[in-house]
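The values are calculated or read from the model by the stated rules, or taken from the named source; none is laboratory data. The model shown is predicted, which means the values in this text are computed figures rather than measured ones. Please note: Cβ atoms are built from the backbone with ideal geometry, for glycine as well, and neighbour counts cover all protein chains shown. We work out accessible area using only protein heavy atoms, side chains counted, and drop any ligands, DNA or RNA first. Shrake-Rupley method; radii C 1.70, N 1.55, O 1.52, S 1.80 Å.
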Amino acid sequence: MCGITGIVGDGAGSHVNSIQKILAAMDHRGPDGNGIYNSSRNDCIMAGNRLAILDISKRASQPMHSEDGRFTFVYNGECYNFLELRNSLEKEGVVFLSSGDTEVVFKWLVLKGKDGLKDINGMFSLALWDDKKKTLLLARDHLGQKPLYWLRFDNFFLFASEVRALLASGLIERKADRSSIQSFLAYGTIAWPNTIIENIRQLPPGAFFIVTGDMNFKESIYRPVNENRSAPESGELRSIFLETVKRHLISDVPVALFLSGGIDSSSLTAAVNILDMNESVTNVSLTYPDDPEFSEHKYSGMVSDMTGCKYMEFPVSGNEFGKLVPKALDALDQPSMDGVNVWLISHAAGQSGFKVALSGLGGDELFGGYPTFYDIHWFMKWRNLLQPLKSIKPLFLRHNPRYHRVEKFFDLLENQRDILKLYLIRREVLSLELRKSVYSVNMHDSTTLLSDDTLSFLKRLTEGHTVLNAIRLLELYFYMSQVLLKDADIMGMAHSIEIRAPFLDSAFLERALRVDIPLRSNPLKSAWTGEIGDWLPKEIVRRKKQGFQLPLAGYLKGELYHLVEENLYYLFENYSCFNRREIVTLWQRFLINPKKRGWNRIWALFVLGYYLRKHNLR
């Protein structure tokens, strides 16, 4: 796992100091070493920081070069089928100098070219320079677990693993993209291909492009969504999951497992036990002694005891949370509603010396673990009966001003037949009406906030699927890809920790997508617990979903009160596009009745203000 960067174009070598600044800004992504390559004709610089996990010797350092010097490679990621790819290459006479995955992926792409991308089962962003053809191949994994950002300026093409690192280069104007602020207010994240910074773009998941000497390139998808809908055989998903977890445990450094006590992380712990690999894994959990209703130590402890895995608990008091939140927000690469929970548990694991951690991320998306699935299904089922309620919208809003659930309900009524629109509204943080009041620019509805390419991709996802299966794909490729994976990467790497998600393994994902989500899921995620339920205590299988949550509503009124208010006021005191009266009113109403008003809208505005201030964006 690494942080990668590079620049191509005639005279690229003149920007070596900027590349060194980018590397320094990403030191947390790879504290175990770094390297810089400058091409003989001064038209390409490639560099990377290294987090040594597989083959921790210098033989696996980056950038890597082919024996003839033609190809140079930088790579941020983990390839889980590297042993199979290596075996295939060795049969063709390829010789290896290292034992890790980086050299395997490098030599696989040198031999296969861009067509070899689809064979890589892993998470990655990568760059391959061909010094003979003067071309640069950039690619990203199929779900976007590893980030890759780029921009063109003058006659150069620049890329890196983080937006903040590109800003540190000194080559880019610190100007916020106004449409991206709209995207953040709507979804709590910034949808690809845009970023918070004007002119910086992110490569979409499952995509690649080849940059030529004249700076031309065309984005292409190398891994389309799998359309094989034949159900897996009985027991097949179970056995594939065990194989998947075994692949994800391959490491030359200690491995942690983020255990919440929910079904997904408990499934991972159970699989580790069945594989008889308990000694190589330590379960790590957070507890909240000041807010015991948010702690899941009863269940995480139960699973650890049952499986015999090593177990570590890290208590987070309200006072400590107040001290740690600024550090977590400082780690954000872009504004995000999520991620502080991942920062906290990664902080705990990092302090204990771990470099790798397994996560249950992806289980909820694959097997219907969110309320989103059933909310939209039942809304579409009863939409005709709900239509008369549209006539009383003014009355409802008059008596419930800025009540988010009421505003969202009526937005849903206006878009009742379009699954994508319903889904995007259901996932909104600030409703369209509230966004118009808070942020004084030309406001767009949910779908027009997305680029044409993104919108077209999401629409294709839903075609020919049942409502529940369509929502599953949207959760995977929108919410998870745009929010959870982005935050898992940046918050894990803030502590030099590689977070692996076995549920997103290509082989497992393809089989799991063939399993229909049942209309009634009792117990929760029954399609999954029906496969592995006998691995877990009944209390785990039958318990109500809690999620990896933080007691934020209380903290916003307590430990974080002054920090939140300071950054809310920063928005309208420094940017004329933010409405002072609306933001102050929203804040005051939250303080009076946090349960009715909800914490998420205040948190979103707070995080945005904090980020804009931290990075001095105009």
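Rounded to 0.05, the FRET efficiency of the Phe96 and Arg580 pair, given R0 = 51 Å and the Cβ-Cβ distance, is 0.25. From the alpha carbon centroid of the stretch 143-204 to that of the stretch 290-353 is 28 Å.
Projected label points at Ser280 and Tyr561, each 7 Å from Cα along the beta carbon direction, are separated by 5.1 nanometres. Judged by the gyration tensor of its Cα atoms, with axes a ≥ b ≥ c, the stretch 192-338 is oblate; a/c meets the 1.5 cut and b/c is at least as large as a/b. Under 26 Å of direct C-alpha separation, and excluding same-chain neighbours fewer than eight residues apart, Lys310 reaches these lysines: Lys246, Lys298, Lys355, Lys538, Lys544, Lys545. When you filter the trypsin sites (Lys or Arg not before Pro) in the stretch 10-69 for DSSP loop state and at most 16 other Cβ atoms inside 10 Å of their Cβ, you are left with Arg41.
Note on the chain: antiparallel DSSP beta bridges, both residues inside, total approximately 75 percent of the bridges counted. Across the chain, Cα pairs under 8 Å and at least six residues apart give a relative contact order of 15 percent. List residues of the stretch 295-319, by number, whose backbone nitrogen lies under 11 Å from a label position 7 Å along Cα→C-beta of Lys246. Output list for this probe position: empty.
For the stretch 106-255, the share of accessible area belonging to carbon and sulfur comes to 46 percent (1.4 Å probe, ligands and nucleic acids excluded).
With θ taken as phi - 60° and the Karplus curve 6.51 cos²θ - 1.76 cosθ + 1.60 applied, the whole-hertz 3J(HN,Hα) list for the stretch 202-213 is 10, 5, x, x, x, 10, 8, 8, 10, 8, 9, x Hz, x standing for glycine and proline.
Estimated from helices alone, the mean residue ellipticity of the chain at 222 nm is -12000 deg cm²/dmol (sum of -39500 (n - 2.57) over DSSP H runs with n ≥ 4, per residue). The stretch 358-374 and the stretch 6-52 have Cα centres spaced 38 Å apart.
In plain terms, if you count all Cα to Cα distances in the stretch 1-159 and split them into 10 Å steps from zero, the share in each step is 11, 43, 37, 9, 0 percent. Listed by chain and number, the lysines whose alpha-carbon sits under 17 Å from that of Lys595, ignoring those within fewer than 8 places in the same chain, are Lys408, Lys557.
With 25 Å as the limit on Cα-Cα distance, the pairs of Lys91/Lys112; Lys146/Lys596; Lys459/Lys596 that go past it are Lys146/Lys596; Lys459/Lys596.
In straight-distance terms, cross-link reach from Lys327 covers every one of the aspartates and glutamates whose alpha-carbon lies under 17 Å from its own, apart from those fewer than eight places away in the same chain; here that gives Asp27, Asp338, Asp487, Asp489, Glu559, Glu566.
Judged by the ratio a/c of the largest to the smallest principal axis of the C-alpha gyration tensor, the stretch 10-78 counts as oblate, that ratio being 1.5 or greater while a/b is no larger than b/c.
Over the stretch 528-601, accessible surface divided per residue gives 53 Å², non-protein components excluded, 1.4 Å probe. When semi-axes √(5λ) of the Cα gyration tensor in Å is computed from the coordinates, the matching label among [x] 43, 33, 30; [y] 78, 21, 18; [z] 37, 30, 24 is [z].
With each label modelled as a point 7 angstrom along the Cα→C-beta vector, the Arg542-Asp214 pair spans 7.0 nm. Of the trypsin sites (Lys or Arg not before Pro) found in the stretch 77-170, the ones in coil according to DSSP and having at most 12 other Cβ atoms within 10 Å of their Cβ are Lys132, Lys133.
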